[in-house]
Every structure is written in C-alpha cells, then in structure tokens.
Amino acid sequence: MRRFLSEGIPDGKPPFGVAFSRAGALAALLFAAAPLIPASAPAPDSAPAVQAPPAGRQAMHPMARDMLDRMLRAGRAEPDPARRRAALDNAARGIPRTFYGLILNGIPGPAPGSIENDVAHAVFLRWAWITPDYAAAWAVVSTPGPFRSEALAEAAGRWAGKNPNDAVRWARSLAPGDRRWVFENAVTFMSRASPASLDAWQRAAHRDS
C-alpha cells in the first residue's frame, strides 16, 4: 500500500485505508476498461462470486494478487488484533466487489487465528453486507473448514436480513448438513435485521429443524 502519490502527507506515506481506497479506485477504473486489455492479461469474470476456488496455489488475477499481498503485509505489520481487524476492515471497503471472490480464492481454507483468516474475514464480511447472495454462492463452493462454515452462516444471516424469503429458498437448496448448519447459526449474524425478517427466518428454521 505504499506506492501512491501522497502530496501533503507527512513522510510521503498515506494512511493504509487511504492508499487502499486509491488502489480500489484504480482497480475499478482498469476493470471498466477491461475490453482493451490484451488476451494475455484477461479481465476477471463478470460474476466471480459463483466461481469455484482454484485447487492449490494457482495463478491469480494480478490485481487481485496485489490487493491480497498488500492486505497480508498490513496485517502482519500490526501486532494488536483489534487494530489489525479495524485496518483490514477499512481496507476491504476500498476493494471493488468484482475482486472479492478472486481475493478469497487466493487464501482457501485460512486457519483460525491466522493473518490470512483475518484478511479473508474482512473481505467476506464486506461482500456479505453488499451482495449476500453472491457471497453465499461463493461460500457453498469454498474450501471445507471452519471459515467455510462461518461464511455460510454469515452470508445467510445478512441475506435473510434483507430478503428472508430468498435466503430461505437458498438455504433449503443446500446439502442436508449445510442446510441444518445455516438454519441453526445464521441468526447470529442478524443483529441488524428487522423484527419481521428475523421472525420469517426463525419460523423457516423451526420448520426445517
């Protein structure tokens, strides 16, 4: 997050969130011009949310790789967990949503308590708030493990808070184990849902339990 113009900023280094916002703006601009990019450097798919994560450490879109690397470096540079989460959450706000799935695919199945997990959580949380249906579609095909389980419940909870009927239909389409987990745990992520949305989800969960 260091190579940006920084007029008027002491020591020539803009704050992490500011720099990342500029990176996000640049990414959005370049992505808008994707048809002009040569075939050897393809633009990311228009709907990466439903792409299955790559198997292993395969090549990433270069801009997604750069965003991920910058977030990982920033996370490692901040030893305080609370301040690290705040910095990463702020950085995630500057990422164009087209890149959410691409970035998350670069850190499949992050270990709990790791910097990679903090980065993945910041990116996924932002995605779930903006377009929970796309986040949910990605979570279904993501690498099995604790992060996937949390992502499924979080996406369902955010989605149910906005549109409980669609979230319920999606949850009922899941494999039995995932369906049971989502109906039991999504309510944890519905703290800002309206009483009507919460009631609709809980009634559906009761019928499917």
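Bear in mind these aren't lab numbers, they're just calculated from the coordinates by the rules spelled out. Everything numeric here is computed off the predicted structure, so don't read it as measured data. Here the Cβ is made from the backbone with ideal geometry for all residues, glycine too, and neighbour counts use every protein chain on show.
Overview of results
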| quantity | calculated |
| --- | --- |
| Inter-centroid distance (Cα atoms) of segment 91-105 relative to segment 137-177, Å | 19 Å |
| Likely footprinting exposure, LEU88, LEU72, fewest C-beta neighbours within 10 Å first | LEU72, LEU88 |
| Cβ-based exposure ranking for LEU68, LEU104, LEU174, in which fewest neighbours within 10 Å come first | LEU174, LEU68, LEU104 |
| Magnitude of the charge dipole, segment 144-209, Cβ model with Lys/Arg +1 and Asp/Glu -1, debye to 20 | 140 debye |
| Chain lengthening between ALA175 and ASP89 when straightened (0.36 nm per residue, less Cα-Cα) | 27.9 nm |
| Label-to-label distance, nm, for residues given as ARG192 and TRP129 (7 Å Cα→Cβ offset) | 0.6 nm |
| Order by protection proxy (mean Cβ within 10 Å, highest first), peptides 113-123, 74-84 | 113-123, 74-84 |
